[in-house]
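First comes the structure, then the notes that go with it.
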Amino acid sequence: MAGRPISPRPLSPHMTIWKWRVHAVVSMTHRITGNAMAMGAVVLFLWWLIAAATGPEAYALFLSVATGWFGILVGIGFTWVFYQHMASGIRHLVMDTGQNFDLAANRASAFTTFIASVVLTVATWAIIFTTKGF
Amino acid sequence: MGAGTELGRVRGLGSAKDGVHHWWLQRVTAVGNLVLMLWLIFSLVRLPSLDHASVVLWLRQPVAAVPMLLLIVSVFWHFRLGVQVLLEDYSHGAARVIGMLALNFYVLAGAAAGVFAVLKIALGAA
Ligand code: HEM
Ligand code: HEM
């Protein structure tokens with residue numbers, strides 16, 4: 001900003017100059033995952049329900065796509081997206097009660113959301129692969 | 001705090017005539033989503049098979065159909081509020097009006113189709 005007096009005080013963060021921290025990544029990821037589910041996973045969910053309600057042929061088409069390699073890739077992807085949004089969403093709810101604003105603890109909880117989402121995704125798909133036979 | 005009355009402050013209504021209602025419903029539906037989505041994942045993973053017959057038999061039970069209907073309401077309501085925030089942050093003018101209209105149509109049409117599919121199965125028509 002032109003004409004601003006030069007002072008030794010720190011400026012508030014500038015739009016294009018900031019340091020990547022895990023808290024910021026979690027915040028942005030929460031938005032991206034929520035909106036990705038709204039525009040992607042929701043459509044697949046509706047396809048599944050409507051196919052089941054339509055009949056065996058419509059459902060067979062859904063299942064053949066869902067259990068193909070690309071369908072499974074998308075399935076694993078949205079599973080992670082959901083668990084990540086769930087973990088950062090729970091973190092949001094905790095912070096709404098005024099807790100977890102201590103810098104170290106806040107950073108740790110941000111980091112934990114990523115660990116939790118990966119562990120839950122691996123666990124879910126390990127069970128699916130071992131019990132569903134695809 | 002501004003010059004509003006005590007009652008006005010309690011109700012949280014400013015000039016927008018809508019205070020923390022959006023924020024609060026986003027939290028209420030977040031808790032709903034948490035419970036219902038975990039229920040859905042557990043239920044599907046526990047089904048012996050995901051073929052048509054198994055899924056229809058499962059969804060015919062009231063203990064599955066009712067939570068599924070609640071899930072559709074909670075999830076669609078939640079992301080309706082969430083995507084609105086995205087549109088308010090990044091779109092302006094006519095694009096925002098069109099975006100909001102498209103969002104409302106998408107949510108209502110999608111939820112209606114989902115509810116209809118569950119009811120059709122639950123009431124034995126599929
Ligand atoms: C490249 C930089 C930035 C990006 C991409 C970004 C992105 C976002 C996103 C996606 C959200 C909504 C998700 C959430 O609430 O978890 C958000 C919220 C927020 N951001 Fe940023 N942000 C940036 C920089 C900043 C800076 C520099 C500040 C403050 C100086 C800031 C303050 C906030 C606050 C206070 C909220 C919460 C708003 C609310 O709860 O309604 N952000 N940001
Ligand atoms: C475990 C279940 C879930 C929890 C605990 C949860 C929690 C939350 C919370 C607390 C917020 C508000 C964040 C803020 O104020 O910045 C939020 C935002 C959002 N959620 Fe969820 N959510 C869940 C599931 C879902 C699902 C299934 C969808 C989509 C189908 C979804 C879509 C969204 C969207 C689009 C936003 C707005 C994000 C933004 O643009 O800032 N959520 N969620």
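The values are calculated or read from the model by the stated rules, or taken from the named source; none is laboratory data. These figures come from a predicted structure and were not determined experimentally. Don't worry about glycine lacking a Cβ; one is built from the backbone with ideal geometry, like all the others, and counts go over all protein chains shown. Note: areas computed on protein heavy atoms with side chains; ligands, DNA, RNA excluded. Shrake-Rupley method; radii C 1.70, N 1.55, O 1.52, S 1.80 Å.
Restricted to the range B:52-126, the set of helices (runs of 4 or more DSSP H) holding at least 3 residues that are β-branched (Val, Ile, Thr) comprises B:62-90, B:93-122.
Yes/no matrix, rows are residues, columns are (1) over 18 Å from B:VAL31 (Cβ atoms); (2) assigned to a helix (DSSP H, G or I); (3) of a type in the set (Gly, Ala, Ser); (4) out of contact with any helix residue (DSSP H, G or I) (no Cβ under 6 Å at 6 or more places or on another chain):
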residue	(1), (2), (3), (4)
A:GLY71	yes, yes, yes, no
A:VAL74	yes, yes, no, yes
A:ASN100	no, no, no, no
A:PHE111	yes, yes, no, no
A:SER117	yes, yes, yes, no
A:ALA123	yes, yes, yes, yes
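Just one of (1) farther than 24 Å from A:MET28 by Cα; (2) modelled with pLDDT under 95; (3) surrounded by 11 or more Cβ atoms within 10 Å (Cβ to Cβ) fails for B:TRP23. It is (1). For the structure I just gave you, tell me whether B:LEU123 is open to solvent by less than 40 Å² (accessible area, probe 1.4 Å) and over 20 Å from A:PHE78 (Cα atoms). The answer is no for B:LEU123. Between A:ILE32, A:ILE76, A:ILE72, the distinction of being β-branched (Val, Ile, Thr) and without any contact (Cβ under 8 Å) to a residue 24 or more places away in the chain belongs to A:ILE32 only.
For the range A:37-69: of the residues being touching a Phe, Trp or Tyr at 6+ places or on another chain (Cβ under 8 Å) and within 16 Å of ligand 1 (Cβ to nearest atom), which is most open to solvent (accessible area, probe 1.4 Å)? Among them, the one singled out is A:MET37. Just checking, does the range A:52-67 include any residue being more than 12 Å from ligand 2 (Cβ to nearest atom), outside any helix (DSSP H, G or I) and more than 20 Å from the chain's Cα centre (by Cα)? Checked against the condition, which is being more than 12 Å from ligand 2 (Cβ to nearest atom), outside any helix (DSSP H, G or I) and more than 20 Å from the chain's Cα centre (by Cα), the range A:52-67 yields at least one hit.
Residues that are closer than 15 Å to A:SER27 by Cβ, free of Cβ contacts under 8 Å to residues at least 12 places away in the same chain and open to solvent by less than 60 Å² (accessible area, probe 1.4 Å) within the range A:90-118 comprise A:LEU93, A:MET95, A:ASN100, listed in sequence order.
When B:GLY110 is tested against (1) over 15 Å from B:LEU59 (Cβ atoms); (2) within 10 Å of chain A (Cβ to nearest Cβ); (3) touching a residue at least 40 places away in the same chain (Cβ under 8 Å), only condition (3) is not met. All of A:THR131, A:THR121 fail the test of being surrounded by 12 or more Cβ atoms within 10 Å (Cβ to Cβ), within 19 Å of the chain's Cα centre (by Cα) and of a type in the set (Ser, Thr, Tyr), apart from A:THR121.
Scanning the range B:82-101 for residues that are in contact (Cβ under 8 Å) with a residue 40 or more places away in the chain and either more than 16 Å from ligand 1 (Cβ to nearest atom) or open to solvent by less than 30 Å² (accessible area, probe 1.4 Å) (or both) turns up just one, B:GLY82. Can you tell me which residues in the range B:27-41 are away from ligand 1 (no atom under 16 Å from the Cβ) and hydrophobic (A, V, I, L, M, F, W, C)? Scanning the range B:27-41 gives B:VAL28, B:VAL31, B:LEU34, B:VAL35, B:LEU36, B:MET37, B:LEU38, B:TRP39, B:LEU40, B:ILE41. Taking residues in the range A:52-69 that are more than 8 Å from every other protein chain (Cβ to nearest Cβ), and partners anywhere that are assigned to a loop (DSSP other than H, G, I, E, B) and open to solvent by 50 Å² or more (accessible area, probe 1.4 Å), the pairs with Cβ atoms closer than 7 Å and at least 6 places apart or on different chains are A:THR67/A:PHE134. Inside the range B:53-81, residues that are open to solvent by less than 20 Å² (accessible area, probe 1.4 Å) and not polar (S, T, N, Q) make up a count of 11.
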